[in-house]
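Chemist: One structure, as structure tokens, below. Some questions next.
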Amino acid sequence: MNDPPPATPTLRCVARAQFRLFGIPIRVEPFFLIVAALFGINLDPLWLVFAFVVIVFVSVLVHELGHALTYRLLGQRSAIVLHGFGGFTVPTGGGRRVLTKPKSVIVSVSGALTQLLVLGVPARIAVESDWGDDLLVDWVFNGGFSWWPILDLLAFVSIWWALFNLLPIRPLDGGHVAETLLGFRNACKLSIGAAIVAGFVAFRSGRFGLIAIMYFGLFAYLNYRDLREDQTSGTFDVDAP
């Protein structure tokens, strides 16, 4: 009897899926929840830290569902994994390689657009509405549980995560667009420059500090390594997590 073929990355994702949504297998790594909690650890009161973890989970999941549902519209199945620093959607049937350039770009930007339209923009509108003002007044003067900080954090996470992913830095969605349109080597060069600029701007803003330097520094280094070796290291390969 012949040995079974080795499992593909997508099959491994499906096999280890913890639940399904719209028929899409989804796996959540424990480190994803840990990192989300660390990013929100300074929120006060304490219940907001737990709320922040849920907000990040929902927002990133909606982002990845945007990719997965777009793949489905284009005739491909996929699986979602939420890991330490975000998530990725793993396609089957050859992945992006079998898509035309316009379709590949659509897949790349679909996550950010879904996140903005479904969560980010509605949450921001709610925060700035008269109802949001009433919630803010109640939150400031009465304390306790309030929907205002939840909506405010949901808007912040969803809008900025979506915009962040559109930066032309591999392996972000904008980096996939750059690689599709400009080719591998040019995308690596663009990613290195964009990562350096983005890290400097984020550090100067004072909001993210050393984390921004480490995060964008890692992106710059990995793109430099891929460029030097003239091939992808696999670190950024959505087909081989």
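Chemist: Just give me the residues in segment 47-94 being free of Cβ contacts under 8 Å to residues at least 40 places away in the same chain and touching a Lys or Arg at 6+ places or on another chain (Cβ under 8 Å), in sequence order.
Modeler: TYR71, LEU74, GLY93
Chemist: Something else now. Which pairs do you get when a residue that is in contact (Cβ under 8 Å) with a residue 60 or more places away in the chain, found in segment 177-195, comes within reach of a residue that is among the charged types (D, E, K, R), reach meaning Cβ atoms under 6 angstrom, with the pair 6+ apart or on two chains?
Modeler: Once the first residue is in contact (Cβ under 8 Å) with a residue 60 or more places away in the chain and sits in segment 177-195, its partners that are among the charged types (D, E, K, R) give THR180/LYS101.
Chemist: Answer yes if at least one residue in segment 169-178 is under 19 Å from ALA36 (Cβ atoms) and either of a type in the set (D, E, K, R) or surrounded by fewer than 14 Cβ atoms within 10 Å (Cβ to Cβ) (or both), and no otherwise.
Modeler: no
Chemist: Mind checking which pairs have a first residue in segment 142-165 that is within 19 Å of SER129 (Cβ to Cβ) and a second that is modelled with pLDDT of 90 or more and basic (Lys, Arg), Cβ under 8 Å, 6 or more apart or different chains?
Modeler: The qualifying pairs are ALA155/ARG124; ILE159/ARG124.
Chemist: I would also like to ask the following. Could we say that LEU163 is within 30 Å of LYS189 (Cα to Cα), in contact with a helix residue (DSSP H, G or I) (Cβ under 9 Å, 6 or more places away or on another chain) and surrounded by fewer than 19 Cβ atoms within 10 Å (Cβ to Cβ) here?
Modeler: yes
Chemist: Another question, then. Filter segment 199-227 down to the residues that are exposed (fewer than 14 other Cβ atoms within 10 Å of the Cβ) and not in a helix (DSSP H, G or I) and list them by number.
Modeler: GLY206, ARG207, GLY209
Chemist: Report, ordered by the first and then the second residue, all pairs with beta carbons closer than 8 Å, sequence separation of six or more or different chains, a first member in segment 216-229 that is more than 12 Å from PRO171 (Cα to Cα), and a second member that is open to solvent by 40 Å² or more (accessible area, probe 1.4 Å) and in a helix (DSSP H, G or I).
Modeler: Once the first residue is more than 12 Å from PRO171 (Cα to Cα) and sits in segment 216-229, its partners that are open to solvent by 40 Å² or more (accessible area, probe 1.4 Å) and in a helix (DSSP H, G or I) give LEU227/ARG185; LEU227/LYS189.
Chemist: Still on this model: Of the residues that make up segment 180-198, is at least one in contact with a Phe, Trp or Tyr (Cβ under 8 Å, 6 or more places away or on another chain), surrounded by 14 or more Cβ atoms within 10 Å (Cβ to Cβ), not in a helix (DSSP H, G or I) and not charged (D, E, K, R)?
Modeler: no
Chemist: LEU99: among the aliphatic types (A, V, I, L, M), open to solvent by 20 Å² or more (accessible area, probe 1.4 Å), in contact with a helix residue (DSSP H, G or I) (Cβ under 9 Å, 6 or more places away or on another chain) and at pLDDT below 90, yes or no?
Modeler: Spelling it out, LEU99 is indeed among the aliphatic types (A, V, I, L, M), open to solvent by 20 Å² or more (accessible area, probe 1.4 Å), in contact with a helix residue (DSSP H, G or I) (Cβ under 9 Å, 6 or more places away or on another chain) and at pLDDT below 90.
The values are calculated or read from the model by the stated rules, or taken from the named source; none is laboratory data. All values derive from a computational prediction rather than experimental measurement. Here Cβ is always computed from backbone atoms with ideal geometry, including for glycine, and neighbour counts include all displayed protein chains. Side chains are part of the model used for accessible areas, which takes the heavy atoms of the whole protein and leaves out ligands, DNA and RNA. Shrake-Rupley method; radii C 1.70, N 1.55, O 1.52, S 1.80 Å.
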